[in-house]
Amino acid sequence: MRLESKRTWLSSPRGLTVLAGVLAAAAVVMAAVGMFGDAVGEDPTVVKLPEKFHFRCTACDHSWTSPQADTPKHFGGGLPTTLRPVVCPKCGKRTAYMLAQCPFCKKHYIHKHLLDGSTGRAGKDICPHCGKDTFTWKR
């Protein structure tokens, strides 16, 4: 087709309809990529850290949150963990723990064995809120 005949075809009613359809399809594809593009490229084996961590003291029951960037200072620069006590900013005792979050009900809790000194059942971590084994979820 020569350039002149292409222009004539695009300005015809059929040409305009086809052009509008192509542009609409391109817009739908671009919107879908924008909405779902992040989910497609994510690695399901990588755990994203929360923006802030929750803590509770077992001595005075004080609860607080710490932004992700500030959390390592509670652990002396080491890696944050739910198993190592930190100093409570209210009572000053090293009896506060970073709270675990249940993957099922999303509520926060201190591991039971840290509260009662038990070793717990091997391979089990039961959420005190919903009663589900959080280790089962992790396998």
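Observations, loosely collected:
- First in segment 80-103 and in contact (Cβ under 8 Å) with a residue 12 or more places away in the chain and outside any loop (DSSP other than H, G, I, E, B), second anywhere and among the charged types (D, E, K, R) and surrounded by 14 or more Cβ atoms within 10 Å (Cβ to Cβ), Cβ under 7 Å, 6 or more apart: A96/R56; Y97/R56
- The set of residues from segment 119-139 being among the β-branched types (V, I, T) and at pLDDT below 75 comprises just one member, T119.
- Note on segment 76-89: residues that are within 22 Å of the chain's Cα centre (by Cα) and closer than 17 Å to A100 by Cα total 5.
The values are calculated or read from the model by the stated rules, or taken from the named source; none is laboratory data. Since the model is a prediction, treat every value here as computed from it, not as a measurement. Neighbour counts run over all protein chains shown; Cβ positions are idealised from the backbone, glycine included.
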